[in-house]
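Q: Encoded as structure tokens, here's the structure I'll be asking about.
The values are calculated or read from the model by the stated rules, or taken from the named source; none is laboratory data. Owing to the predicted nature of the structure, the values given are computational and were not obtained by experimental measurement. Here the Cβ is made from the backbone with ideal geometry for all residues, glycine too, and neighbour counts use every protein chain on show. Surface areas here come from the heavy atoms of the whole protein model, side chains and all, with no ligands, DNA or RNA. Shrake-Rupley method; radii C 1.70, N 1.55, O 1.52, S 1.80 Å.
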Amino acid sequence: MDIIYQDSYILAVNKPAGIIIHSDGTSRAGERAGMCAAETLTDLARVYLENNGCVQQAQDVQALHRLDKDTTGIVLFSLDKETQPLFDELIRSRNVHKTYLAVVKGEFPEGEQDITLPIGRDRHDARRMRVSKTGKAALTHVRRLEVQRRGQSTQSLMLAELGTGRKHQIRVHFSALGFPIVGDGLYGRTSSTRTAAFTQVPLMLHAYELSFVHPVTGESLVLKTEWPSRFTGWSVQNP
């Protein structure tokens, strides 16, 4: 476990790619079928706490929000059942400021902008969300940090701040503007262009920073991960 922060009430970890936060039901189905159950980030947090003598916290550990399986970065866990409602309300009321790093295809316009396209479910693909006039309001504030041109390829390093928390929000918003996130097989291109090689490209989306006022201690916290290794090669290293 890559621990970002820990106290008596919360644990913040740096989630790696390729792992889900909660069980989605497939692991339990696998157990019933005699298969090895897939580990979740919650499982790993529980083992970490048990190994460090935090038995009660290991029993109470609960993820406070989600990241997609292939998105990396900070995830918060509650460690105390009595104070968990305070953190649940903090998340629900949007008083946790979330900042992401993303690399998108193309040369994104310079400067800052708010993306306010509403998001709803894609009726033709249960895995996907899409921009929809009948969808829920969504706000993503984005800022271009840097542009790189390599041969025929142009990519932009972006900072994205969530104003709302719709499923796949950052991925949908960038894709809808014509700048899909590099490595996004769900929103980055059409099914006719899918290749095995593409699936080897990691999703270039990382939950870089969380900031909030601790509802128990009153402390103002700014939690950051180290600069992700797959984002090396950019001159910006601490936006």
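Q: With Rg/Rh (Cα atoms, Kirkwood Rh) in mind, check (1) 0.93; (2) 1.10; (3) 0.97 and report the label derived from this structure.
A: (3)
Q: May I ask you to list the lysines whose Cα is less than 17 Å away from that of LYS224, ignoring any residue fewer than eight positions away on the same chain?
A: LYS224 reaches LYS15, LYS98.
Q: With r defined as the distance between the Cβ atoms of ARG128 and TRP227 and R0 fixed at 41 Å, what FRET efficiency is calculated, to the nearest 0.05?
A: Given R0 = 41 Å and the Cβ-Cβ separation, E is 0.85.
Q: Which of LEU44, ILE170, TYR208 sits closest to the plus end of the dipole of the chain, meaning its Cα is farthest towards the positive end, when Lys and Arg get +1 and Asp and Glu get -1 on the C-beta?
A: Projecting each Cα onto the dipole axis, the largest value belongs to ILE170.
Q: Same structure, new question: So how do LYS136, LYS98 rank on accessible area, 1.4 Å probe, biggest first, that is with the largest at the start?
A: Greatest to least solvent exposure: LYS136, LYS98.
Q: Determine how large the accessible area of GLU107 is when every protein chain is in place; take a 1.4 Å probe and give Å² rounded to the nearest 10.
A: Ignoring ligands and nucleic acids, GLU107 comes out at about 90 Å².
Q: Grab the other residues whose beta carbon is less than 12 angstrom from that of ILE4, score K and R as +1, D and E as -1, and report the net.
A: Charge balance in the 12 Å sphere: -2.
Q: Counting pairs of alpha carbon atoms under 8 Å apart in space and at least six apart in sequence, what relative contact order in percent does segment 83-231 give?
A: After rounding, I find 27 percent.
Q: So which aspartates and glutamates pass the test for LYS136, namely a Cα distance under 15 Å, with those fewer than 8 places away in the same chain ruled out?
A: Excluding near neighbours in sequence, the set is ASP122.
Q: Per residue of the chain, what 222 nm ellipticity follows from adding -39500 (n - 2.57) for every DSSP H run with n ≥ 4, rounded to the nearest 500?
A: Theoretical 222 nm ellipticity from helices: -4500 deg cm²/dmol.
Q: Would you tell me the accessible area of THR42, worked out with a 1.4 angstrom probe on the heavy atoms of the protein chains, in Å² to the nearest 10?
A: 20 Å²
Q: May I ask you to rank ILE3, ILE181, ILE91 by accessible area, largest first, using a 1.4 Å probe over the protein chains only?
A: Descending order: ILE3, ILE91, ILE181.
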